[in-house]
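First up is the structure itself, then whatever we jot down about it.
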Amino acid sequence: MAHPDTLAVHAGEPPMDRPDAPMVPDISVSAAAAYPDLDTLDQAMAGHRGYSRWGTANHAQLEAAVAALESQAGGGPVEALAVASGMAAIGLAVLTDTTAGDHVVAANDCYGTTITFLRDDLHRFGLTVSVVDVQDLDQVRAALTPRTRLLLCEICTNPLIRIPDLEALAGIAHEGGALLAVDATIPTPALCQPTRWGADVVVHSATKNLSGHADVIGGLILGRPAWIAGARSLAHTMGPALGTFEAWLTLRGIRTLGVRMERHVANACALTAALARHPAVARVYYPSLSGSPYAARTARLLPHGAGALFSFELREGREAADRLVRRLRLVRLMPSLGHVATTLSHPALTSHRGLSEEERAQVGISQGLLRCSVGLERVEDLLEDFEQALS
């Protein structure tokens with residue numbers, strides 16, 4: 001099988017089935033197809049073709065590319081489904097194989113909106129949820145019930161970049177008759193393929209480093225073909241359709257995923273090492289740092305790096321965080337991540353604002369915590385910018 005970087009460049013290419021076949025996919029802009037007679041219409045509707053809510057060639061190309069990147073892990077065929085956002089993918093991951101009365105176990109350090117969805121909305125579907133610390137495997141085992149259908153966690157959690165033991169969690173889930181779903185948005189399939197370590201379902205927010213240019217809202221969900229068929233059927237009914245142009249943009253972003261993630265990781269390693277030595281910084285959260293409790297696990301699960309995201313806590317709290325943001329020249333503040341440029345976010349005000357102060361404290365999110373999504377700039381310029389802003 002080709003190297004992942006080569007797969008990223010070529011997977012999902014348009015076929016050479018016509019004269020002057022395009023190197024770059026065409027964009028399907030029509031919302032629906034037209035048919036010459038009822039029999040042809042009937043065949044198209046039976047096959048869920050001809051209506052862009054069910055997907056277009058652009059969606060199929062994107063899905064093929066991401067499935068190819070995940071399938072490098074081996075262990076059987078994997079298919080992908082493109083949807084309108086990362087949260088749409090989370091919703092499908094939870095709802096595809098559950099019914100009223102079922103139970104979900106989720107990591108307490110999942111993305112804040114994921115926790116809000118699980119806590120505030122799952123009961124509408126007759127589902128119950130237990131939120132646990134997945135670093136404590138005994139706690140995970142104790143949370144499972146005979147009705148547990150799904151164990152949900154993240155690899156490279158947002159924003160504290162914790163690394164769970166995916167193999168152990170897969171074993172616990174499978175022993176209890178549940179599936180393991182892993183949100184792998186932060187490392188992208190360039191750095192981690194959770195199916196390699198036993199995951200049954202993988203979720204990506206394409207909004208982030210997968211598309212990589214801060215110009216897409218989208219999501220992808222991956223799993224075995226039979227499971228994806230169920231997810232696709234539910235998506236056809238509920239309608240969380242990814243826009244055709246967003247599918248095209250995401251595939252375009254994937255073409256440079258390998259080289260982008262290589263630079264992101266190199267810059268993140270240099271910047272975290274420098275910030276860890278700075279007297280204004282109380283702590284840096286990045287699992288590749290020497291002394292991180294996740295360093296050994298990171299080397300095993302993410303041998304090519306832990307991605308572009310890290311967080312750091314300033315000693316003087318929110319005032320120091322605001323002062324830093326105001327002084328930075330290159331780095332901007334925004335409520336997302338995964339851009340080619342380096343950006344900061346304040347998790348307490350953005351991704352985790354739906355949690356109470358007590359809930360944020362339980363997962364280590366303070367007012368002095370800033371999340372950094374490292375871009376592709378020359379690292380010397382980033383180091384200089386942070387140094388002048390912190391001085």
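The values are calculated or read from the model by the stated rules, or taken from the named source; none is laboratory data. None of these values were measured; they are calculated from a predicted model. Glycine gets a Cβ as well: all are built from the backbone with ideal geometry, and neighbour counts include every protein chain shown.
A few remarks follow.
- Residue within the range 133-144 that is crowded, with 22+ Cβ neighbours inside 10 Å and either in the same structural domain as Y286 (by TED's automatic domain parsing) or at pLDDT below 95 (or both) present: no
- Qualifying residue in the range 77-89 (condition: of a type in the set (S, T, N, Q) and modelled with pLDDT of 95 or more): yes
- Filtering the range 333-358 to residues that are more than 28 Å from I254 (Cβ to Cβ), touching a residue at least 60 places away in the same chain (Cβ under 8 Å) and crowded, with 17+ Cβ neighbours inside 10 Å leaves H352, L355.
- Selected residue (criterion: modelled with the lowest pLDDT) from residues of the range 98-110 that are in contact with a strand residue (DSSP E or B) (Cβ under 6 Å, 6 or more places away or on another chain) and not hydrophobic (A, V, I, L, M, F, W, C): N108
- Criterion (in a helix (DSSP H, G or I), aliphatic (A, V, I, L, M) and outside the structural domain of E13 (by TED's automatic domain parsing)) met by exactly one of A247, A270, A282, A306: A270
- Residues in the range 60-90 that are crowded, with 21+ Cβ neighbours inside 10 Å, of a type in the set (G, A, S) and under 28 Å from F117 (Cβ atoms): A65, A67, A80, A82, G86, A88, A89.
Here's the yes/no breakdown for (1) among the hydrophobic types (A, V, I, L, M, F, W, C); (2) under 29 Å from A8 (Cα atoms); (3) touching a helix residue (DSSP H, G or I) at 6+ places or on another chain (Cβ under 9 Å):
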position: G258; (1), (2), (3): no, yes, yes
position: V265; (1), (2), (3): yes, yes, yes
position: L309; (1), (2), (3): yes, yes, yes
position: V325; (1), (2), (3): yes, no, yes
position: P335; (1), (2), (3): no, yes, no
position: H346; (1), (2), (3): no, no, yes
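- Criterion (of a type in the set (A, V, I, L, M, F, W, C), crowded, with 22+ Cβ neighbours inside 10 Å and over 24 Å from A299 (Cα atoms)) met by exactly one of A173, A184, A241, A178: A178
- Filtered residue count, the range 309-321, keeping only those that are part of a helix (DSSP H, G or I) and either surrounded by 15 or more Cβ atoms within 10 Å (Cβ to Cβ) or in contact (Cβ under 8 Å) with a residue 40 or more places away in the chain (or both): 4
- Test: residue in the range 216-229 that is surrounded by 21 or more Cβ atoms within 10 Å (Cβ to Cβ), in a loop (DSSP other than H, G, I, E, B) and small (G, A, S): yes
- Listed by first and then second residue, the pairs with beta-carbon distance under 6 Å, at least 6 apart or on different chains, first residue in the range 1-24 and within 14 Å of Q61 (Cβ to Cβ) and in contact (Cβ under 8 Å) with a residue 12 or more places away in the chain, second of a type outside the set (D, E) and part of a loop (DSSP other than H, G, I, E, B), are V9/R255; P14/P22; P14/P25.
- Total residues in the range 33-59, condition surrounded by 12 or more Cβ atoms within 10 Å (Cβ to Cβ), free of Cβ contacts under 8 Å to residues at least 40 places away in the same chain and on the phi < 0 side of the Ramachandran plot: 9
- Top-ranked residue in the range 272-306 [being touching a Lys or Arg at 6+ places or on another chain (Cβ under 9 Å) and among the small types (G, A, S); ranked as farthest from P159 (Cα to Cα)]: A280
- Some residue of the range 234-246 being in contact with a His (Cβ under 7 Å, 6 or more places away or on another chain) and aliphatic (A, V, I, L, M): yes
- Per the listing V363, V374, the residue uniquely under 22 Å from the mean Cα position of the chain (by Cα), among the β-branched types (V, I, T) and modelled with pLDDT of 90 or more is V374.
- Out of T350, T298, sole residue that is at pLDDT below 95 and under 23 Å from the mean Cα position of the chain (by Cα): T350
- The residue pairs whose first member lies in the range 130-141 and is farther than 12 Å from C153 by Cβ, whose second member is hydrophobic (A, V, I, L, M, F, W, C) and not in a helix (DSSP H, G or I), and whose beta carbons are closer than 6 Å, counting only pairs six or more residues apart or on different chains, are S130/V105; Q139/V132.
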